[in-house]
């Protein structure tokens, strides 16, 4: 007999191997290698999480109890897969074009981005999946206990509960490690996908190996096997038509609706073309998985002693025959089936829970304003990690409480029927434009209640919730409300009864309410986009941002997708609009792009709500309505063109107004500069004249007085010179006559020097924060000129930062082709309308309280242009913020010991 | 088949592609019917069909469906890659 220790060792090695494979795949994907990670075969194999431990162990048990009926569970998905042209193709296309993160997200997005609906779907999915996770834990502990019992060397059986707990902990760890690496749920979890693909191969191989052993090893060949099946208790073809068709339909529905299937099929899908391969390869996989089930069941029934759990034949048959190696392989196969299901289900459900329940509640508790809600990213990641833990814990608790008594197949079917309630809303959403939110919520609600009452609660047997007299006489003594004979449908198979009534009432209510109620415009719009996804994949938008809210949007986006990504997104959009800097016009296109980007992180409903808080409500433009209402197309098209033109004109007018304002400001600045410059020139001139006259005309001055007066004359002359130097410097730079004096030096040394120079030997009230590690780069450029820019920026912060305790943080980072050095102070920053002119000559913000001719930043900009970089104002930070960018070509290779 | 000069080649490709898409649409119905056939076979008493017979039938149908589905998928892909200049969108609804 196999020593238990060997099993534990093999199992741990296998787990370590899975971790290594997942890690390697993640690593390869992040470095852009490993295109094979996205091959259609991997996609097909990842679909095999449909085959859980329920398949691996339960199918044989199912077959031993009711013969060929087990195969319906695999015929349903087979029909769905070979009918991919109808539904799956559309689902995947919609999922990709709408950046859907889960089935709850898809349904909520279709029905007007309603979070209520998303919450309903999430709840139902959690309730439906928890028993299924419990089932996986149960199968691992059961198979482990079987091994332990057959091992004479192990003195005492390991505690089943503790096995389940360890498995649950391990799975949580794996899922958190590889499932929440990125916030963007739209990104593929390469590590997870490759691990479950590997597990798919292992479980298929293990089941085939046991099958081959049973057919050729135990029975002695194919014809002998057939003879043995014909002599077994399951020799007769005795299947009720209702169950045969009902189960096939149920499994087909569940295949489309299970959150974990949706996760691998739609969310993790990288290429729609993969479906073509999966369309035949996955049915083939299912066929191979089912191939040896009946032989194993029949021969198990004959050779095993009565009373042995048929669910474990796959394991106990090799064990009884003394094939320990095969038994261990079979255990690993079952283990793989269980773990891959739990991992993917936890990822799928945690995305739903965190996006549709935790995040909205959290945002609401923060006062409901998206812009003021702090860093959402960490909260979202934390929420997702906690949800994973919570979901696996729920499964574990269910396992503890239910005692793990039921046969595997029963729990699986309850779960299937629960998630199948999504089907009417899902299919209606994809194929029927008039399906609306009220209908979907009502249908789901009714289906859910019927499923609870007729299937979920009775699955616990008679209990305090559902005592025996309700089974016998119905709720409130109404006999037509008996859980197994609803509306007098007596004598039906309980499963078919529950599935039939729940789906029938669900669909009827969904259609009826949809027909009677009126959808909101957003629903109609989304409906048209979903149903006609192949006709216009590029979706029209509901946003019309007519106010300069870009800065608020940027602050919010930075908190959700991170500042670097947000800045890249915004500056990219601004560039496409032909604008400089970081703030694009909030055009409908841009807002739609932003919403998609955000919904990848926090789900459609939340992203929509957050943007509408800032932009002020989505409107459905006439163009969008055109897609919905064809009948009045002519008139609408005309007015839509008018509206588009009006919007275009409004935008142009806004841009013209901005340009005009800038010109006016420049003109005002020039005037004020002229008066300023004459003032600046006159003041020193006046004192120079006055004091030199005193020196000339007044006799008998003491030497001290003479020295004092000539010092004043000298100082004033210096001031004049400095002003003229600045003007000269600027004109030299502008004319491009400057000669660069290229040197090599370390950035941190340069900053040390400039900070000392900017302080000018005084005790400095400005606190400067730096990160010296990041500054350890060597630059080859005109360091003196660069220092001039730095000194100017630091001096500006000292002069203008109006915080009580002024501080300036200097941070540098290398990003792609640029080296970015940010100077961010904690003052009140620069008003949006002033940001455009601060780099112009003679520009000074507000009064001239701090002196200077307003040439500093203009000189800085000219210098940076000469150095091949730029200096820009960075909006949306905590205070005044300037960003100096240098091309990465000035950065030399990392420092050796030479400097 | 239409026999027009000029765009004959493209027409044929489009036509073939559409018919392949039709085949892809019909296949699940064919499968559903074939999988239900054993329900018509004798179930009661002495003339009950044997499990092995039904099993062999089901796996045979299953195998054929997989093969046909593979063929259709390949044809659809071939047409798409060869007929890159075929701009006809795949409409849902014939």
Could you state the angle between the C-alpha long axis of helix A:633-697 and the longest principal axis of the C-alpha atoms of chain A, as a value from 0 to 90 degrees rounded to the nearest 10?
30
Figure the gain on full extension for residue A:784 and residue A:724 (residue separation times 0.36 nm, minus the Cα-Cα span) and round it to one decimal in nm.
19.6 nm
Which FRET efficiency value, to the nearest 0.05, do you get for residue B:39 and residue A:580 by plugging their Cβ-Cβ distance into 1/(1 + (r/R0)^6) with R0 = 51 Å?
0.10
For chain A, give me the percentage of DSSP beta bridges that are antiparallel, rounded to the nearest 5 percent.
85
If you take the square roots of the eigenvalues of the alpha-carbon gyration tensor of the range A:95-135 and sort them as a ≥ b ≥ c, do you get rounded (a/c under 1.5), prolate (a/b over b/c) or oblate?
oblate
Mean Cβ neighbour count within 10 Å, used as a protection proxy, ranking A:782-791, B:23-32 highest first:
A:782-791, B:23-32
Residues of the range A:555-584 with amide N under 13 Å of the 7 Å Cα→Cβ point at residue A:771
A:563-564
Give me the number: length gained by fully extending residue A:889 to residue A:487, i.e. 0.36 nm times residue separation minus the C-alpha to C-alpha distance, one decimal in nm.
136.8 nm
On the Cα set of the range A:20-138, report Rg and Dmax in Å, please.
18.1, 51
What is the extension gain from residue A:397 to residue A:27, computed as 0.36 nm multiplied by their sequence separation minus the C-alpha to C-alpha distance, in nm to one decimal?
129.7 nm
What nm value, rounded to one decimal, do you get for the distance between residue A:742 and residue A:660 when each label is placed 7 Å out toward the C-beta?
4.8
Nearest-ten-degree value, helix A:241-257 long axis tilted from longest Cα axis of chain A:
10
Two pseudo-spin positions, 7 Å from Cα along C-beta at residue A:756 and at residue A:35, lie apart in nanometres by 5.5
Hey, what's the Cα Rg ratio for chain A versus the globular rule of thumb, 2.2 N^0.38 Å?
1.24
Number of partner chain Cβ atoms within 10 Å, mean per residue of B:50-62:
6
Which of the peptides A:311-323, A:817-829 is most tightly packed, and how do the rest follow, judged by the mean count of other Cβ atoms within 10 Å per residue?
A:311-323, A:817-829
Counted neighbours (other Cβ, 10 Å), sorted fewest up, put A:244, B:62 in the order A:244, B:62
Order A:7-17, A:875-885 from most to least packed using the mean count of other Cβ atoms within 10 Å.
A:875-885, A:7-17
If the viscosity is 1.306 mPa s and the temperature 10 °C, what Stokes-Einstein diffusion coefficient in µm²/s follows for the range A:243-290 when Rh is the Kirkwood radius over Cα pairs?
132
Divide, for the range A:740-803, the radius of gyration over alpha carbons by 2.2 N^0.38 Å, where N is the residue count.
1.17
Enter the mean projected area of the convex hull around the alpha-carbon atoms of the range A:302-360, in nm², rounded to one decimal.
5.6
Would you mind computing, in nm to one decimal, how far apart the modelled labels at residue B:22 and residue A:216 are, each placed 7 Å from Cα along Cα→Cβ?
4.5
Inter-chain shielding metric for A:292-300, i.e. average beta-carbon neighbours from other chains within 10 angstrom, reads 1
Tell me the Kirkwood hydrodynamic radius of the range A:210-330 in angstroms, computed as one over the mean inverse distance between distinct C-alpha pairs.
17.1
Convex hull of the range A:410-467 built on C-alpha atoms - directionally averaged projected area, nm²:
4.3
Summarise the partner chain shielding of A:75-88 as one whole number: the mean count of Cβ atoms from other chains within 10 Å of each residue's Cβ.
6
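Just so you know, all these numbers are worked out from the coordinates, no wet-lab data involved. Just so you know, these numbers come straight off a predicted model, no measurement behind them. Neighbour counts run over all protein chains shown; Cβ positions are idealised from the backbone, glycine included.
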